[in-house]
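S.K.: I'd like to ask some things about the structure below.
The values are calculated or read from the model by the stated rules, or taken from the named source; none is laboratory data. Note that the structure is predicted; figures quoted are calculated from it, not measured. Counting neighbours? That spans all protein chains shown, and the Cβs are built from the backbone with ideal geometry, glycine included.
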Amino acid sequence: MIFESLEEKSASIVSARRIPSDVSLLMGRLTKPDPREPDDVSATSDFPSIQVPSLYKSVREFNIIVEQISELSSAATVDDEVPPTIYAFQTTLRLLIDACHALLLNAIGKGEFYFPKGYVVANGDGGIRVEWIRDDASVRLAVPSAPQGTIYIYHEAGSDFGADKGDDVTGVRLAQWLKLVS
């Protein structure tokens, strides 16, 4: 299972300051869709469908966020900032993987799967913040450098806003808020 080896892999990735360009480490191998294949898998089988182009785009957006997290480690050493800690790295990846999984499960049978485009920034103290911003909505995941810090998801849509903190922050909860910006 991915979480059994995540600690070991993330530690080696952080120390090497790199992440593979594909998502095979996190989500298994996914190849670019063959344009000759139907977009709707249900056209050829009884399995629930997810459109391959939306799946491919979502995995690409997810991978870009993971690469940005990796780049924070390299950039921090150059800029004299504290690089993301192993705790921040692992916690952020776990939440993102869980959110992606929840969004994917929610999309089965509905056809479209979107993991939104986001941006990663360092908090300067070893933590990581991931932001998804649209014209009318935004979601921010803030992961501290250590478990003693406060982890939170801030969400805003129009005049409605709020935050989930501590134990309320889960990948499933993050997925619910990411629907605002999908």
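S.K.: Does Gly158 satisfy being touching a helix residue (DSSP H, G or I) at 6+ places or on another chain (Cβ under 9 Å) and not β-branched (Val, Ile, Thr)?
M.R.: So Gly158 fails the test.
S.K.: In the stretch 158-171, how many residues are in contact with a Ser or Thr (Cβ under 8 Å, 6 or more places away or on another chain) and in a strand (DSSP E or B)? Step through it out loud before you land on a result.
M.R.: Initially, the stretch 158-171 is screened for residues in contact with a Ser or Thr (Cβ under 8 Å, 6 or more places away or on another chain), giving 165-166.
When the remaining residues are screened for being in a strand (DSSP E or B), the result is 165.
Here the count works out to 1.
A quick yes/no check of all residues on (1) part of a loop (DSSP other than H, G, I, E, B); (2) at pLDDT 90 or above; (3) exposed (fewer than 15 other Cβ atoms within 10 Å of the Cβ); (4) aliphatic (A, V, I, L, M):
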{"residue": "Ser42", "(1), (2), (3), (4)": "no, no, yes, no"}
{"residue": "Asp46", "(1), (2), (3), (4)": "yes, no, yes, no"}
{"residue": "Arg60", "(1), (2), (3), (4)": "no, no, no, no"}
{"residue": "Asn63", "(1), (2), (3), (4)": "no, no, no, no"}
{"residue": "Ala76", "(1), (2), (3), (4)": "no, no, no, yes"}
{"residue": "Tyr87", "(1), (2), (3), (4)": "no, yes, no, no"}
{"residue": "Cys100", "(1), (2), (3), (4)": "no, no, no, no"}
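S.K.: Would you pick out the residues in the stretch 153-175 that are free of Cβ contacts under 8 Å to residues at least 40 places away in the same chain, surrounded by 14 or more Cβ atoms within 10 Å (Cβ to Cβ) and over 18 Å from Gly127 (Cβ atoms)?
M.R.: Here is the first cut: in the stretch 153-175, the ones free of Cβ contacts under 8 Å to residues at least 40 places away in the same chain are 153-168, 173.
Of the ones still in play, those that are also surrounded by 14 or more Cβ atoms within 10 Å (Cβ to Cβ) are 153-157, 163-164, 173.
Within the stretch 153-175, His155, Glu156, Ala157, Arg173 qualify.
S.K.: Quick one: in the stretch 141-152, of everything that is in a strand (DSSP E or B) and of a type outside the set (Ser, Thr, Tyr), which residue is surrounded by the most Cβ atoms within 10 Å (Cβ to Cβ)?
M.R.: Within the stretch 141-152, the match that is surrounded by the most Cβ atoms within 10 Å (Cβ to Cβ) is Val143.
S.K.: If I filter the stretch 119-140 down to residues being part of a loop (DSSP other than H, G, I, E, B) and under 16 Å from Val169 (Cβ atoms), which single residue comes out as nearest to the chain's Cα centre (by Cα)?
M.R.: First, the residues of the stretch 119-140 that are part of a loop (DSSP other than H, G, I, E, B): 123-124, 126-127, 134-136.
Still in the running and under 16 Å from Val169 (Cβ atoms): 123, 127.
On the way: Asn123: 17, Gly127: 15 Å.
Filtering first and then ranking leaves Gly127.
S.K.: Six or more apart or on different chains, Cβ under 7 Å: which pairs go from a residue in the stretch 84-101 that's closer than 10 Å to Ile128 by Cα to one that's modelled with pLDDT under 90 and not hydrophobic (A, V, I, L, M, F, W, C)? Could you list them?
M.R.: Correct list of pairs: Pro84/Ser73; Phe89/Ser10.
S.K.: Let me ask something else about it. Would you mind stating whether Glu156 is closer than 22 Å to Ile64 by Cα and in contact with a strand residue (DSSP E or B) (Cβ under 9 Å, 6 or more places away or on another chain)? Break it down into steps so the answer makes sense when it comes.
M.R.: Numbers: closer than 22 Å to Ile64 by Cα: no; in contact with a strand residue (DSSP E or B) (Cβ under 9 Å, 6 or more places away or on another chain): yes.
So Glu156 fails the test.
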